[in-house]
Structure formats: C-alpha cells, structure tokens
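The values are calculated or read from the model by the stated rules, or taken from the named source; none is laboratory data. Just so you know, these numbers come straight off a predicted model, no measurement behind them. Because the Cβ atoms are built from the backbone with ideal geometry, glycine has one as well, and the counts that use them run over all protein chains shown.
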Amino acid sequence: MRAPLRAAAHALLALPALACAASRASPSGPIAEPAAPARLDDVERAIARAVDAGHDDALALLERIVNVNSGTMNFAGVREVGAVLRSELDALGFATRWVDGSAFGRAGHLVAERAGSGPRVLLIGHLDTVFEPSSPFQRFERLGDGAARGPGIIDMKGGDVICVQALKALRAAGVLDRLTIAVVMNGDEEHPGEPLAAARAAIVEAAHGAVAALGFEDGDGDPRTANTARRGAAFWTLRSTGTPAHSSQIFRGDVGAGAIFEAARVLDGVRARLAGQPFLTFSPGVVLGGTQVALDAPHNQGTASGKTNVVAKEAVVQGDLRTLSPEQLAQAKAVMRELAAHSLPHTTSTFEFDDGYPPMAPTAGNRRLLERYSAVSRDLGLGPVVEVDPMKAGAADVSFVARLVPMALDGIGLAGADDHTDRETADLRMLAPLTKRAALLLYRLGRER
Ligand SMILES: [Zn+2]
C-alpha cells in the first residue's frame with residue numbers, strides 16, 4: 001500500500017518508491033482468543049482446528065520468507081519468495097505461473113488459479129518489501145510477548161502466510177473445492193513497475209468474474225479494523241508562462257503579471273475551491289520559477305534562474321491529488337483545469353495529470369463484505385471489525401480491481417506496527433485468529449450462490 005504522507009509530489013514518469021505505510025495506529029492489544037463461546041457449524045470448527053494444527057508451519061513459513069530479502073528491486077529475492085509461496089499453492093492443487101516482469105522493469109508476479117464449484121474470489125498479496133539488500137534490516141527476530149520483528153513481516157509476508165494457511169485449512173476441512181480461487185501476489189507493490197497498466201495487467205485480468213477481492217495487507221495494523229476504501233493518488237504538473245519584461249513594468253497592459261504570479265493564482269485558487277472537501281487533498285510539493293527553469297521530473301527536482309528585475313517567464317509546480325472515488329477525482333481535475341484556463345493578462349497555465357493509483361471507493365458492496373467478515377469475527381468470539389478511516393488509508397493493489405468486483409475488502413493481513421521502518425513488528429498471537437477469520441469468510445462465500 002502507499003504512504004499518503006511520505007510520497008512527495010511525483011512526476012509524470014515516476015511513481016512513488018515508498019508504498020504502504022499509511023499513518024499507523026499504535027498496535028492495539030491483541031484480541032483475546034475466544035472469550036465468548038464461538039458460534040460455528042461443524043465444518044467451521046474443523047477449519048478452525050486445522051488452522052491451529054497448522055500454526056507451527058505458519059510460523060516457520062513466515063520466518064523463512066521474511067529471511068529472504070525481497071526489496072522490490074532485488075529481483076532474485078522477489079522471485080525466491082514467489083517460488084516458496086508458489087510451491088505451497090502447487091501443493092494445494094493450484095495452477096501456478098510466474099508472470100515475467102521485464103516488460104515493466106520488475107521481477108514479476110505470482111499468479112495461481114484453482115477451479116471449484118462455487119463463486120470466483122480474488123486473493124491479493126505481494127512479495128516485495130521496501131527493504132532492499134542495502135538496508136541493515138534483514139532478519140526475522142523473535143521478541144518477547146508473542147511478537148516478532150522483521151522486514152515485511154506485516155507488509156505483507158504475514159498476510160501472504162494468512163492467505164496460504166487459510167486455503168490449507170479449507171482443504172483440510174474438505175471445502176476448498178467450493179470456491180473458484182485466483183491468488184495474485186505482485187512483485188512490485190511497493191515500487192510499481194512502469195508502464196503501470198502493464199504492471200497491473202495480471203491482477204486486473206484475474207479480477208474478472210470475481211464476486212469478491214480480498215487484500216491481505218496489514219491495513220492500519222489494528223485487527224479490529226479493515227479497509228472498505230482507500231484513497232487514490234494522482235500526480236499533477238502545472239506549467240505557467242509569462243511575458244518577460246523589465247520588472248518595473250509588471251502589470252502594465254502589454255506585460256501582464258508574469259509566470260510566477262500566474263502559478264500562484266492557480267494554486268491558491270485550487271486551494272480555495274478544494275480545501276476542506278471530505279477525503280480530498282491537493283498538495284503542491286515542489287515549485288520552480290523564473291526566466292529559465294529545468295525540471296527533472298522523475299526526481300521531483302530541478303533548477304531555476306531569473307533576475308529580480310525581470311518579469312518571470314516560466315513556472316512549473318508538481319504535486320499530488322488524493323481522492324476517495326473516481327467521481328471526486330474527475331471533479332477535482334475539472335476544477336483545476338477551469339481555474340488554469342482563466343489566466344492573468346499575458347500568461348498561460350496548463351495542468352497535466354498522471355492518475356497513479358486509482359481510488360477504492362467505499363461502496364455498499366465493500367461494506368457488505370466487511371459485515372460478513374465482522375460476523376465471522378464475532379462468531380469466532382473475536383469481536384466486531386469496523387472500517388478504517390479512509391484518510392488513514394493509502395492506495396494498494398486492491399485499488400486496481402475494486403471497480404471490477406461487486407465487493408472488495410483489504411487490510412485483513414497480520415496485525416502489528418511500524419511497517420516501512422526497521423521496527424516493523426508483528427503480533428504473532430494474532431496469526432491464527434486472523435487466519436481463522438479469513439478462512440471462515442472464504443468458506444461462507446463459498447456457500448453462497
Ligand atoms: Zn503492502
């Protein structure tokens with residue numbers, strides 16, 4: 001997933017390198033393992049027992065894949081983690097394949113499919129982490145109190161393990177065949193390959209015909225919440241021009257206001273129109289202006305030169321635009337274009353957009369899926385699950401398929417804290433309960449027709 005606060009304004013050519021760490025709540029206390037009597041049928045009890053029986057294997061699998069460095073640009077490591085998870089899915093009877101990533105400059109993705117008698121569901125993981133081989137943070141480490149630290153342990157190798165172990169439990173209980181299942185684990189969630197359409201083609205294809213998409217991201221780290229919505233992140237560049245002249249003549253009828261005043265007018269106009277709209281943020285991140293500007297767009301940097309006694313000829317600004325729905329994004333762009341069009345005398349302004357990650361809107365379908373997940377949680381004695389405030393949720397791979405499926409839910413991976421930092425910590429006591437929740441949700445989806 002994508003960090004709403006850490007990503008600077010991004011260029012037309014560059015997507016943010018750092019995804020995932022949404023503003024994170026401190027780790028909640030673990031949900032007590034069933035305090036209330038569980039309300040499960042016989043099959044559900046068998047699934048829960050299978051999760052418990054597989055707990056040591058789950059921990060071993062998690063430790064194994066955390067100890068393989070899979071920073072996005074460490075292609076060999078990403079492939080190795082993919083190979084480990086692929087063999088787990090092969091053993092469950094999935095048809096698995098590796099989607100080569102050379103067309104988009106990344107390692108590639110793991111795709112697994114298994115036909116069954118019931119509805120199709122899409123399960124989403126990712127193989128990469130933000131910790132490249134140059135990071136000092138490389139190893140799984142047990143801490144006291146059922147916790148463990150490690151690179152990617154919750155974002156999202158823990159979620160990958162929950163996904164695989166839930167499927168194993170369904171098979172052990174004899175009900176895996178009741179669903180048609182696609183699993184997509186991308187190798188470049190944290191630093192997506194480009195072109196983005198190519199990098200996300202496999203997951204989009206896998207979503208077709210699915211009744212639900214489940215993302216095993218760590219969400220906001222709190223197991224009492226899940227994501228029904230994620231804001232999208234679009235990137236924009238504003239270019240303004242002016243008429244150079246002696247500064248003493250600025251504002252004269254044939255000189256006008258210059259490029260810098262024009263860019264300032266547009267920015268402040270957009271601020272006045274868009275600031276305060278729920279779930280929308282518009283933020284300029286870098287600005288250059290003067291007689292000459294040179295923008296290094298992919299790195300969000302550049303140089304500007306001018307004279308204090310010359311009216312500015314050029315200005316360029318890069319920033320981002322975060323919205324909760326495609327409609328809100330379209331409206332915001334329309335406002336920005338409209339404001340840019342009404343230029344000061346002898347100036348021009350134009351916006352260019354790069355849509356980046358689309359929004360996952362909080363649809364009624366997503367909330368229905370959350371209700372089902374919450375019902376499972378209550379029936380397990382684990383209490384209700386509520387939705388994350390979308391202001392705290394950056395984009396993730398589920399965002400690319402949310403529009404294509406009737407129901408989507410994310411953030412049902414492993415609980416913990418501090419992802420994207422060298423303190424990334426998992427609450428291992430939650431591994432089995434969260435796996436049961438996922439497995440039972442899948443089982444109940446398989447019962448529906
Ligand atoms: Zn992630």
Unmet requirement for residue 124, which otherwise passes all of (1) within 16 Å of the ligand (Cβ to nearest atom); (2) in a helix (DSSP H, G or I); (3) of a type in the set (Val, Ile, Thr) = (2)
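Conditions (1) in contact with a Leu (Cβ under 9 Å, 6 or more places away or on another chain); (2) free of Cβ contacts under 8 Å to residues at least 40 places away in the same chain; (3) among the basic types (Lys, Arg), marked per residue:
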position: 228; (1), (2), (3): yes, no, no
position: 241; (1), (2), (3): no, no, no
position: 261; (1), (2), (3): yes, no, no
position: 273; (1), (2), (3): yes, no, yes
Where residue 167 falls short, out of the listed (1) farther than 21 Å from residue 403 by Cα; (2) within 14 Å of the ligand (Cβ to nearest atom); (3) not in a loop (DSSP other than H, G, I, E, B) = (2)
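Can you tell me which residues in the range 194-206 are away from the ligand (no atom under 16 Å from the Cβ) and under 18 Å from residue 113 (Cβ atoms)? Explain how you work it out, then say what you get.
Applying the first criterion (away from the ligand (no atom under 16 Å from the Cβ)) to the range 194-206 yields 194-198, 201-202, 204-206.
Passing the criteria: 201, 202, 204, 205, 206.
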Please indicate, with yes or no, whether at least one residue in the range 385-397 is out of contact with any strand residue (DSSP E or B) (no Cβ under 7 Å at 6 or more places or on another chain), more than 14 Å from the ligand (Cβ to nearest atom), on the phi < 0 side of the Ramachandran plot and at pLDDT 95 or above.
-> no
Considering the range 180-190 alone, what residues qualify as being of a type outside the set (S, T, N, Q) and either touching a His at 6+ places or on another chain (Cβ under 7 Å) or surrounded by fewer than 23 Cβ atoms within 10 Å (Cβ to Cβ) (or both)?
-> 184, 185, 187, 189
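Being assigned to a loop (DSSP other than H, G, I, E, B) and at pLDDT below 95 is the requirement here; does residue 188 meet it?
On the way: assigned to a loop (DSSP other than H, G, I, E, B): yes; at pLDDT below 95: no.
Taking the combined requirement at face value, the residue does not satisfy it.
What residue, among those in the range 140-155 that are more than 11 Å from residue 66 (Cα to Cα) and part of a loop (DSSP other than H, G, I, E, B), is farthest from the ligand (Cβ to nearest atom)?
Step one: list which residues in the range 140-155 are more than 11 Å from residue 66 (Cα to Cα), which gives 142-147.
So of that shortlist, the ones also part of a loop (DSSP other than H, G, I, E, B) come out as 143-146.
Numbers: 143: 21, 144: 26, 145: 24, 146: 22 Å.
Looking at the filtered set, the residue picked out is 144.
Listed here are the residues, each with its yes/no results for (1) within 16 Å of the ligand (Cβ to nearest atom); (2) touching an Asp or Glu at 6+ places or on another chain (Cβ under 8 Å); (3) of a type in the set (A, V, I, L, M).
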{"position": "176", "(1), (2), (3)": "no, no, yes"}
{"position": "185", "(1), (2), (3)": "yes, yes, yes"}
{"position": "189", "(1), (2), (3)": "yes, yes, no"}
{"position": "192", "(1), (2), (3)": "yes, no, no"}
{"position": "208", "(1), (2), (3)": "no, no, no"}
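Do we have residue 279 as touching a helix residue (DSSP H, G or I) at 6+ places or on another chain (Cβ under 7 Å) and assigned to a loop (DSSP other than H, G, I, E, B) here? Break it down into steps so the answer makes sense when it comes.
Details: touching a helix residue (DSSP H, G or I) at 6+ places or on another chain (Cβ under 7 Å): yes; assigned to a loop (DSSP other than H, G, I, E, B): yes.
The answer is yes for residue 279.
Out of 251, 216, 261, which single residue is at pLDDT 95 or above, aromatic (Phe, Trp, Tyr) and over 27 Å from residue 292 (Cα atoms)?
216
From the list 37, 119, 27, which one is within 27 Å of the chain's Cα centre (by Cα), within 28 Å of residue 416 (Cα to Cα) and either at pLDDT 95 or above or of a type outside the set (Lys, Arg) (or both)?
Numbers: 37 fails: within 27 Å of the chain's Cα centre (by Cα); 119 fails: within 28 Å of residue 416 (Cα to Cα).
Step by step, each of 37, 119, 27 is checked, and only 27 is within 27 Å of the chain's Cα centre (by Cα), within 28 Å of residue 416 (Cα to Cα) and either at pLDDT 95 or above or of a type outside the set (Lys, Arg) (or both).
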Which strands (runs of 3 or more DSSP E) does the range 333-437 wholly contain that include 1 or more residues that are surrounded by fewer than 17 Cβ atoms within 10 Å (Cβ to Cβ)?
-> 348-357
